[in-house]
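I have placed the structure first, in the form of structure tokens, so that the comments after it can refer back to it.
The values are calculated or read from the model by the stated rules, or taken from the named source; none is laboratory data. Predicted model only: the values in this text are computed from it and were never measured. Note: ideal-geometry Cβ built from the backbone for every residue, glycine included; neighbour counts use all protein chains shown. These area figures cover heavy atoms from the full protein model, side chains too; ligands, DNA and RNA do not enter into them. Shrake-Rupley method; radii C 1.70, N 1.55, O 1.52, S 1.80 Å.
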Amino acid sequence: MPRTYSKSCTRSRGETVSPAQRITAEIIKRLEEGTRPWVKPWRGVPSARPLRACGIPYQGINVFWLWLVADMCGFASPYWMTYRQAKELGGQVRKGEKATIAVFYKSYTKEVEDPATGEKENQARRVLKSFAVFNANQVDDLPVRFRPAPPVQPVAPAGQRDELDAFFAKIPAKLRHQGAEAYYEPVADRVTMPPVE
């Protein structure tokens with residue numbers, strides 16, 4: 001079943017802004033909306049580092065950018081791939097899905113001859129390119145390894161939650177059920193646990 005995503009998740013055909021301008025504009029937009037895009041909201045699933053189709057983790061700005069896009073669009077899979085890679089894996093990008101960008105950056109030196117003097121010198125060169133990628137959630141018929149496993153819902157024995165709540169009622173620490181992790185906060189003297197559901 002095709003999903004639709006917000007306009008900010010998509011890349012317009014013939015887009016002429018540079019990758020740096022696009023990423024900067026999205027970050028500024030989030031900040032103006034009152035959202036710090038580098039803070040992960042609690043969604044009950046850990047955010048894995050963005051991965052290429054081959055399983056190699058992205059680096060640099062791609063990590064931050066693809067996390068941001070995945071959050072904006074609601075993608076659960078950490079895998080990103082080009083249209084060609086999806087085809088090679090036996091998948092098909094769903095009709096109407098829009099790509100986002102991933103950035104390729106390389107810095108190198110090249111020996112260049114000065115036309116006036118004939119002397120050779122090393123010049124620093126930089127390459128910045130973007131390429132279109134899709135999240136595995138936008139592609140049908142991929143191998144199962146590209147889909148995150150649904151969280152396992154353990155079945156608690158009857159009355160176990162009541163026992164835990166009774167235990168915590170006997171100690172002075174506050175108890176709350178929220179998020180996806182269990183931890184103790186000494187300053188607030190509070191125990192946080194995920195909801196039983």
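Of note:
- Applying 1/(1 + (r/R0)^6) with r as the Cβ-Cβ distance of LEU175 and ARG145 and R0 = 45 angstrom yields a FRET efficiency of 0.75.
- The calculated FRET efficiency for TYR83 paired with ILE28, based on their beta-carbon distance and R0 = 30 Å, is about 0.55.
- The listed peptides 52-59, 77-84, ordered by packing as a protection proxy, come out as 77-84, 52-59 (highest mean of other Cβ atoms within 10 Å first).
- Summarising the label geometry, the points placed 7 Å from Cα in the beta-carbon direction at LYS95 and ALA166 lie 6.0 nm from one another.
- Cross-link partners of LYS87 among lysines, defined as those whose alpha carbon lies under 22 angstrom from its own and excluding same-chain residues fewer than eight positions apart: LYS95, LYS98.
- Overall, the accessible surface of segment 42-124 at a probe of 1.4 angstrom is composed of carbon and sulfur to the extent of 51 percent.
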